[in-house]
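For reference, the structure discussed in these notes is given below.
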Amino acid sequence: MVHRFIGGIAAVLLLASCGEATIPQGPPNEEPSSTAPFPVTIEAANGDVTIAAHPRRIVSLSPTSTEMLFAIGAGDQVEAVDDQSNYPSDAPVTDLSGFEPNVEAIASYGPDLVVYSTDPGDLDSALEGLGIPALQQPAAAALDDVYVQIEQLGVATGNAAEAEVVVDRMRTEIRSITGSIEPPSEPVTYYHELDDTYYSVTSSTFIGQLYSLVGLENIADEAKGAGGGYPQLSAEYIVDADPNLIFLADTKCCGQSPRTVAARPGWDRIAAVENAGVIPLDDDVASRWGPRVVDYLRRIAEAVAEVMEAKAA
Amino acid sequence: MSRRTRAIALGVAVLAASIVAGLLVGPVHIAPGAALRWLISFGDQPSGMSEQQAAILADLRLPRVIVAGLVGASLSASGAAYQAVFRNPLADPYLLGAAAGAGLGATIAVAFGPSTAFAVTVPLAAFIGAVSGVGMAYGLGRSGLGGRSSTSLILGGIAVASFLTAVQTFIQQQNADTLRQVYSWILGRLGTTGWDDAGIALPSVVIAVTTLWLVRRLLDVIEVGDLEAESLGLNVGRLRLVVVVAASLATAAAVSVAGLIGFVGIIVPHTVRLLAGSSYRQVLPLSVLFGAAFLILVDVVARTAVAPAEIPIGVITAFVGAPFFVLALRRSGRRAA
């Protein structure tokens with residue numbers, strides 16, 4: 001439903017900008033006007049959200065949504081973002097918290113749209129009580145969720161065409177990255193580290209799926225059923241599994257680096273440590289599901305290519 | 001063999017068995033025969049064992065077993081000592097604000113310290129926090145509340161713990177990105193233990209446990225009552241201070257390397273009392289032996305129950321400890337009746 005709706009708007013906007021006679025693919029009852037797409041109704045995670053007018057004072061409580069908003073050109077409509085939204089650098093960071101949202105503090109920015117990821121309790125109903133439309137964008141379970149969320153923000157902010165461009169570009173780039181990888185002849189294994197107590201991800205998580213896209217095998221999959229996709233692995237298991245690659249998503253939180261990993265007791269015998277296969281990541285990029293997943297995937301693909309080159313040599 | 005010697009011998013045997021079990025059982029299968037030969041030859045890699053397996057035994061399992069043993073012994077011995085000087089069966093090593101202080105220290109180190117140095121700063125800050133927490137509770141209990149009784153000390157501890165926890169929660173809430181680090185520390189962190197942790201914990205544990213050992217006879221006297229002990233010529237205030245300092249030192253050392261592991265300080269001493277009577281001449285050494293064995297075995301469960309994933313050890317001590325404790329209480333109740 002959302003897809004068809006967005007498709008309709010995108011087609012309309014394309015029509016308006018190119019001036020070419022294309023047959024609109026959307027529902028026939030769509031109003032053929034690009035200037036007044038509002039009000040719009042979006043089928044979001046928190047139910048149908050109706051936005052009456054073009055929002056100009058958006059409050060984003062989710063770092064990922066902030067990245068998406070700026071990527072689709074809605075940055076100048078953003079009034080305030082939460083304290084964890086550190087990208088892009090010109091986002092209007094405030095001390096608003098996305099973990100423990102304070103509705104009164106949010107309302108003080110006079111928002112005409114609030115975007116958030118998690119609702120610890122009454123956020124949605126409290127904003128509804130104040131007549132502020134609120135759009136929930138929970139953590140993505142798959143890449144398709146990312147595309148849907150970007151498209152939703154496009155419609156919600158009147159930037160549907162740009163959102164479509166961003167999504168198309170992401171799809172194309174991801175296709176070209178995964179297409180550039182030869183399927184490995186023998187399994188290339190990896191361990192993705194969330195913190196320095198060895199919390200990891202299984203292939204069922206969003207992050208794990210990215211690694212699967214380039215044909216990597218996850219050593220944490222043995223621990224399926226434990227930790228709902230985020231198991232804490234035993235050090236001795238990691239040493240014994242001997243992964244080809246170690247991805248560190250704890251460089252910022254916990255100060256980990258290829259050097260600190262090599263210094264851990266027993267870890268110096270792991271293939272990844274011996275062959276420069278410990279890849280430091282930006283914690284933020286590796287924990288968000290915004291447009292920068294493309295950079296993340298590229299980093300993974302480069303690492304895989306290097307391992308395979310070394311194996312071939 | 002007297003009942004006392006038998007109990008000690010049993011404790012030694014159980015501890016030895018748990019150390020062997022701790023070395024042999026883990027998520028990575030290592031042939032028990034080869035592992036035993038490795039242990040007997042003090043780390044020579046026997047045939048049939050890969051270099052990787054020898055490294056797992058030497059660098060991961062052995063330090064983990066030793067730290068678990070040190071932590072278990074510290075928490076149990078401190079628990080027994082606290083129960084004596086406060087004459088309160090529910091007193092445990094965290095009673096006087098040690099846990100809250102350690103939690104605050106660790107949180108400050110994670111929130112404001114350089115992330116590259118956590119391995120050193122977090123244990124150190126936890127140690128300082130635990131000692132300061134107890135210091136504050138002791139000061140408050142002695143002066144602020146006017147009395148010298150054990151009750152005023154406990155009340156002081158409760159006040160200090162609430163205050164420090166509030167500060168910790170505030171800092172954590174202001175630095176939401178540190179949540180995960182702090183929580184994984186609070187739930188116990190034997191999963192990353194290495195030889196350096198054993199080195200950090202060992203000196204304080206040895207000093208503290210030896211001190212408690214030396215005063216074990218006096219603990220029997222003080223448990224009767226302050227007035228009675230004083231009439232026997234004992235300086236109750238000074239003895240209580242010595243015991244609190246020693247037990248807190250042991251607790252702080254344990255907390256600094258292992259995080260907060262609850263319940264050990266209550267269940268082990270009480271189980272020991274059921275086994276060997278309530279004189280501290282037995283309770284203290286047996287608490288050391290059985291406390292060490294208990295935590296080593298719990299750690300085996302922590303790393304094998306959902307292998308290759310881990311369960312935070314603090315979760316298991318409470319999960320196993322609480323029902324076990326109730327059973328022990330019921331048995332002792334029936335015996336007393």
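Derivation of every value follows stated rules applied to the coordinates shown; laboratory data play no part. The shown structure was predicted, so the numbers you read here are calculated from the model rather than taken from an experiment. Here the Cβ positions follow ideal geometry from the backbone for every residue, glycine too, while neighbour counts run over all protein chains shown.
Label positions at B:VAL12 and A:SER185, each projected 7 Å from the Cα along the C-beta direction, are separated by 6.1 nm.
One way to sum up the overall shape of chain A is the equivalent ellipsoid from its Cα gyration tensor, whose semi-axes run 39, 24, 15 Å, largest first. For the range B:28-91, applying the loop criterion from DSSP together with a ceiling of 11 other beta carbons within 10 Å to the chymotrypsin sites (Phe, Trp or Tyr not before Pro) yields B:PHE42.
Computed over the range B:134-208, the quotient of the alpha carbon radius of gyration and 2.2 N^0.38 Å is 1.48. Restricting the calculation to alpha carbons of the protein assembly as shown gives Rg and Dmax of 29.7, 106 angstrom.
Computed over the Cα atoms of chain B, the ratio of the radius of gyration to the Kirkwood radius (Rg/Rh) comes to 0.99. Taking every alpha-carbon pair within the range B:53-162, the share separated by more than 26 Å comes to 33 percent. Other residues within the sphere of radius under 14 Å centred on the Cβ of B:GLN45, judged by their own Cβ, net out at -1 (K and R +1, D and E -1). Estimated from the Cβ-Cβ distance and a Förster radius of 41 angstrom, the FRET efficiency linking B:ALA58 and A:THR172 is about 0.20.
Take the Cα of A:ARG298, step 7 Å toward its Cβ, do the same at A:THR50, and the gap between the two points is 4.3 nm.
Between B:VAL320 and B:LEU179, the C-beta separation translates, for a Förster distance of 30 Å, into a calculated FRET efficiency of about 0.65.
Summing charges over neighbours of A:VAL93, with a neighbour being any other residue whose Cβ is under 11 Å away from its Cβ, gives -4 when K and R count +1 and D and E count -1.
Taking only complete DSSP H runs, can you tell me which helices of chain A stretch 18 Å or more along their own long axis by Cα positions and average at least -0.5 on the Kyte-Doolittle scale?
Within chain A the helices that satisfy the rule are A:2-18, A:143-157, A:160-179, A:293-312.
Placing unit charges on the Cβ atoms only, positive for Lys and Arg and negative for Asp and Glu, gives the range A:113-179 a dipole magnitude near 260 debye about its Cα centre. Put the Cα centre of the range A:271-313 next to the Cα centre of the range B:149-179 and the gap is 42 Å.
Provide A:VAL201, A:VAL294, B:VAL12 in ascending order of the number of other Cβ atoms located within 10 Å of each residue's Cβ, fewest first. Mind showing how you got there, number by number?
Numbers: A:VAL201 26, A:VAL294 17, B:VAL12 13.
Least to most surrounded, the residues fall as B:VAL12, A:VAL294, A:VAL201.
Remark on the range A:162-301: ratio of C-alpha radius of gyration to 2.2 N^0.38 Å is 1.05.
Taking other Cβ within 10 Å of each residue's Cβ, how do A:SER234, A:SER89, A:SER212 sort, fewest first?
With the sparsest Cβ surroundings first, the list reads A:SER89, A:SER212, A:SER234.
Here the sum of -39500 (n - 2.57) over DSSP H runs of 4 or more residues, divided by the residues of the protein assembly as shown, equals -18000 deg cm²/dmol at 222 nm, to the nearest 500. Considering only A:ALA45, B:LEU179, B:TYR138, and ranking their Cα positions along the charge dipole of the protein assembly as shown that arises from unit charges at the beta-carbon of Lys, Arg, Asp and Glu, the one farthest toward the positive end is B:TYR138.
The modelled label-to-label distance between B:ALA166 and B:ARG281, using points 7 Å beyond Cα along the C-beta direction, is 4.7 nm. Nearest 5 percent is fine: what portion of the DSSP beta bridges confined to chain A is antiparallel? For chain A, the DSSP antiparallel bridge percentage is about 25. Taking amide H as placed 1.01 Å from N in the peptide plane, A:ALA44 has its amide H under 5 Å from the amide H of A:VAL49, each at least 5 places away in sequence or on another chain. The ranking of B:VAL20, B:VAL28, B:VAL298 by Cβ neighbour count inside 10 Å, starting from the fewest, reads B:VAL20, B:VAL28, B:VAL298. Of all DSSP beta bridges confined to the protein assembly as shown, the antiparallel ones make up roughly 25%. Within 15 Å, Cβ to Cβ, of A:THR172, how many net charges do the neighbouring residues add up to if Lys/Arg are +1 and Asp/Glu are -1? Once all neighbours under 15 Å are counted, the net charge is 0.
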